[in-house]
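Step one of this worksheet: look at the structure below.
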Amino acid sequence: MASLYNNLKKRKENYVFTGSVITRLPTLVSHCPTEVDQFVCFSGGILFWLIHWRTQRKMYKKLGISKVEQKIIRILGEYEVNIKNEYCVLVRKAEG
């Protein structure tokens, strides 16, 4: 996971991954915030943000998601993820 994070923190436009990373990525992608989640979080103000952050922290601890995996989840939220035939393709989402 650390090597995956080291690659993702470069924030390239697209990535292709194979190997053992593929087995864990679907789980991490399922925890990525949706556009609605992001909108509600930003428009909800600081109190909502604190409640949301605390809830997420407890959920990650309960599910055994490490700090590095949490960082990967935040980065994966910026990409469209397609997993097929033992390959994973990440393409940066268009802004707007």
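The values are calculated or read from the model by the stated rules, or taken from the named source; none is laboratory data. Values in this document were obtained by computation on a predicted structure and should not be read as measured data. FYI the Cβ positions are ideal-geometry reconstructions off the backbone, even for glycines, and counts take in every protein chain you see.
Restricting attention to the stretch 63-78, does a residue exist that is in contact with a strand residue (DSSP E or B) (Cβ under 8 Å, 6 or more places away or on another chain), free of Cβ contacts under 8 Å to residues at least 24 places away in the same chain and closer than 17 Å to Tyr15 by Cα?
Among the residues of the stretch 63-78, not one is in contact with a strand residue (DSSP E or B) (Cβ under 8 Å, 6 or more places away or on another chain), free of Cβ contacts under 8 Å to residues at least 24 places away in the same chain and closer than 17 Å to Tyr15 by Cα, which makes the answer no.
Return yes when Lys71 is of a type in the set (D, E, K, R), touching a helix residue (DSSP H, G or I) at 6+ places or on another chain (Cβ under 9 Å) and modelled with pLDDT of 90 or more and no when it is not.
Numbers: of a type in the set (D, E, K, R): yes; touching a helix residue (DSSP H, G or I) at 6+ places or on another chain (Cβ under 9 Å): yes; modelled with pLDDT of 90 or more: yes.
So Lys71 fits the description; yes.
Select from the stretch 49-78 the residues that are β-branched (Val, Ile, Thr) and farther than 18 Å from Val21 by Cα and list them in ascending order.
Listed by number, the residues that qualify are Ile51, Thr55.
Between a first residue in the stretch 26-37 that is under 10 Å from Glu78 (Cα atoms) and a second residue that is assigned to a helix (DSSP H, G or I) and modelled with pLDDT under 85, which pairs have beta carbons less than 8 Å apart while being 6 or more apart in sequence or on different chains?
Listed by first residue and then by second, the contacts come to Pro33/Cys41.
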